[in-house]
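Heads up: the structure comes next, in structure tokens.
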Amino acid sequence: MIRSHSHDKHHHPRQPHSRHLQIVLIGQPNCGKSTLFNNVAGYRSVTANFPGASVTFTKSHVRIFNRVYNIIDLPGTYSLTSTDPAAREAQRYLLTQPIDVIVNVIDTSLLSRSLELTLQLMDLNIPMVLCLNMVDEAERKGIEINTEALSNQLGIPVFKTVASHGIGVKELFRETIKIAYSKKVGRHIRGNRDVELVIGRLSRFLKQSLHHPFAYSRHLLATKLLENDGFFETQIRKVQPELIGEIKSFRKELSRTHGRSSDEVINTERHALSMSIFEKVATFKKPKLHWKDRLDSVLMHNVWGYVFLLAILFIFFVLVFKIGAYIEKPLLSFFSTLSAAVMSRMNPAALFTVILKSILDGIGGGIAIVLPYLFPFLFGLSFLEDIGYLPRVAFLMDGFMHRIGLHGTAVIPAVLGYGCNVPAVMATRILESPRDRFIASLVSTMVPCAARMTIIFGLVGYYLGGMVAFFIYLLNLVIVALSAGFVSKLMPESTPGMMMEIPVYHLPQLKVILTKTWLRIKEFIIIAWPLLIIGSVVLSLSDYFHFTRLLNLMISPVTWILGLPVQVGTTLIFGILRKELSMLMLFQALGTRNVLSVMSHGQILVFTIFVVFYVPCVATLGVLYKQVRGKDTWAILLYTFTLALILGLLTRLVASLIW
Amino acid sequence: MENQLRLDQVRENQEVKVIEILGGWGIRQRLNQIGIHPGDKILVKRSAIMGGPILVRVRGADVALGRGMTKKVIVQEI
């Protein structure tokens, strides 16, 4: 089945640093790279059904057939020329890191377009295997690919897989490893003679004049220079800027002979080449219609689309609230009975008792108050992500997003923010312009994450009712929209706008959603919970030694403005570490689970609104600092703090009129 | 040439042929990458309200294109 033509024997200048074989997975966005990766590496790379679900690469040691390999799952990219930071990461990796073999993953139903990336990858002169993924979906669409013919065309092995079900994966990796050791590269596929002539001449010119070795083939370098790719041009500029003039004259020549810009000539050429290969290997049948094809006529409809969007979000909200409250009540009473039973046997004044009680309260708070809401919420979010609904939301909201100075793509990080702000800020990398990324980062950090959701539900929902909790979400949406609108007014700049693939719906497997939910809950259990217990102990110790008073005094200006009890002060500091801590520490600080006995309805509302809006947590600040500049991180910090203070004060005024 | 129009002016369910992509290097690259080149046939599936995006089908893929971007694509009805 496999016939590899080995043409080029020159060795790759990038020698592997590691003794393990480096296997790189690369492909266009949403072709199933991460699903394939998880299939061999265990669930480590978070997958979802939208383009741009992976914005950084995941590297993993994997044992296959009793040997250890390094498998690297790169973010999706359409081309070796990148237009956004996520794709740039893939481009840089491919061009600079040691790689033994490339697995080019392809969504089979999009083969003609995907071959354009394949052709560029083959120019890297690295052994490669083609993985035609999601063949089941392609066959349903009536597309049949002759793998043998395709393999002959490209000179590399071609495999069909359905990564989500593990079909064909073993065979794919067995061959991948074989190819890596054989060091065979594919055919050199060349296009139209008059274009190749110019590429060849530029390539020879570079061979003579360039004294600096590059880690990739000169054919690739010449092609990319003719394509006006900024990355390659910068590489030349760095070592031999005097060559740029000559390179430009090659571009001019190509453009003159073809009547359009040189990058268009190269792109058209590559497109034509891909099409001609595709037509030789593909056959078409009548597609089978499926519910997936009809769903969009409702969910993306100009009227019904919005009705369903609101309905879906509302049902989601109600379900999380109901399920959470249903589980919370019995758990709470269990833990307070337990705590009371233990305490009744101890000397209440002893330091040991104080510590034991705080540990018990820390554990109880995590299980009884946080987990009941966290689980249904993260489960639901994972489901919406995996079924492929998010790109539809982006489509529906694009028009609205333009009014606040962003575009539809920014909806994706914003929605992810409801789960956790950290991946949300990272997801802004799917946006091209730094300005859009900054505004989207601001939006992502202001969206109430799952941790803040537990506060909204656990405090406001529990004491003031579901409708008030729902109101906080609405208020947050309005404030976030106004903030984005305000900031984009300060940074007027027109940006390219949305370009997003709307993937086919995919009924997710329960196992995958559960694993993903578990991965996110594990975050809470291994990071937040210990912190919670430690925080709980620290608080009771500092109480015991009268240190809390000092802390509270320091924060008293804030609590004074908000009209909150002074004891609340320390909880606001804990909230910066992890947002849930604000609420759980509140119980500790007040010395009771029944908050209503110490705080009024109005104070509970003020506290929650302040906590929802004030500064992002430490982890979010960390990624924010990496993502946007330090100055911008400070700006976001100052802005959210001031905003929270103003909103808290306003809530206090309004609450004093109601209660 | 006659009956040339911008992609954002095409009505829903109309198939068109791409004549030209206006605009700079960045927009050309992005449209090419997603599979839209001069000469390609694309189907306009949906046009969102409030100046929202246009949903087109290009060689089996559904792609949402922002209104601003579609104004740069000159097409001809077929």
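The values are calculated or read from the model by the stated rules, or taken from the named source; none is laboratory data. As the structure is a computational prediction, the values presented were derived from the model and not from experiment. Because the Cβ atoms are built from the backbone with ideal geometry, glycine has one as well, and the counts that use them run over all protein chains shown.
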*Please state which of the following conditions residue A:297 fails to meet, knowing it meets all the rest: (1) among the hydroxyl-bearing types (Ser, Thr, Tyr); (2) over 30 Å from residue B:59 (Cα atoms); (3) outside the structural domain of residue A:538 (by TED's automatic domain parsing).*
(2)
_Condition (residue is modelled with pLDDT under 90 and outside any helix (DSSP H, G or I)) applied to the stretch A:550-564: is it met by at least one residue?_
no
*Search the stretch A:125-152 for residues that are at positive phi and pair each with any residue that is assigned to a strand (DSSP E or B) when their beta-carbon atoms are under 6 Å apart and the residues are at least 6 apart or on different chains.*
A:134/A:107; A:142/A:284
_Can you find a residue that is surrounded by fewer than 20 Cβ atoms within 10 Å (Cβ to Cβ) and farther than 25 Å from residue A:29 by Cβ anywhere in the stretch A:416-436?_
no
*Under 9 Å between Cβ atoms, at least 6 apart or on separate chains: pull out the pairs that start in the stretch A:389-418 with a residue that is not assigned by TED's automatic domain parsing to the domain that holds residue A:436 and end on any residue that is of a type outside the set (Gly, Ala, Ser).*
none
*Scanning the stretch A:393-432 for residues that are in contact with an Asp or Glu (Cβ under 8 Å, 6 or more places away or on another chain) and not in a helix (DSSP H, G or I), which turns out farthest from the other protein chains (Cβ to nearest Cβ)?*
A:420
*Scan the stretch A:79-107 for residues that are facing another protein chain (nearest Cβ under 10 Å) and either more than 21 Å from residue A:437 (Cα to Cα) or at pLDDT 95 or above (or both) and report the count.*
2
*Please enumerate the residues belonging to the stretch A:139-156 that are touching a helix residue (DSSP H, G or I) at 6+ places or on another chain (Cβ under 7 Å) and buried (at least 24 other Cβ atoms within 10 Å of the Cβ).*
none
_Could you check the stretch A:265-301 and list, in sequence order, the residues that are within 12 Å of chain B (Cβ to nearest Cβ), touching a strand residue (DSSP E or B) at 6+ places or on another chain (Cβ under 8 Å) and part of a helix (DSSP H, G or I)?_
A:296
*Which ones in the stretch B:21-41 are outside any helix (DSSP H, G or I), more than 7 Å from chain A (Cβ to nearest Cβ) and surrounded by 14 or more Cβ atoms within 10 Å (Cβ to Cβ)?*
B:21, B:23, B:36, B:38, B:40
_Can you say whether residue A:173 is in a strand (DSSP E or B) and closer than 30 Å to residue A:511 by Cα, as far as the supplied structure shows?_
no
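Condition check ((1) away from chain B (no Cβ under 14 Å); (2) exposed (fewer than 15 other Cβ atoms within 10 Å of the Cβ); (3) of a type in the set (Ser, Thr, Tyr)) across all residues:
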residue	(1), (2), (3)
A:184	yes, no, no
A:203	yes, no, yes
A:206	yes, no, no
A:226	no, no, no
A:258	no, no, no
*Given the residues B:16, B:56, B:44, B:75, which is the only one that is assigned to a strand (DSSP E or B), in contact with a helix residue (DSSP H, G or I) (Cβ under 6 Å, 6 or more places away or on another chain) and either more than 8 Å from chain A (Cβ to nearest Cβ) or over 19 Å from residue A:262 (Cα atoms) (or both)?*
B:75
*Which one of these is touching a Pro at 6+ places or on another chain (Cβ under 6 Å) and not in a loop (DSSP other than H, G, I, E, B): A:179, A:236, A:199?*
A:179
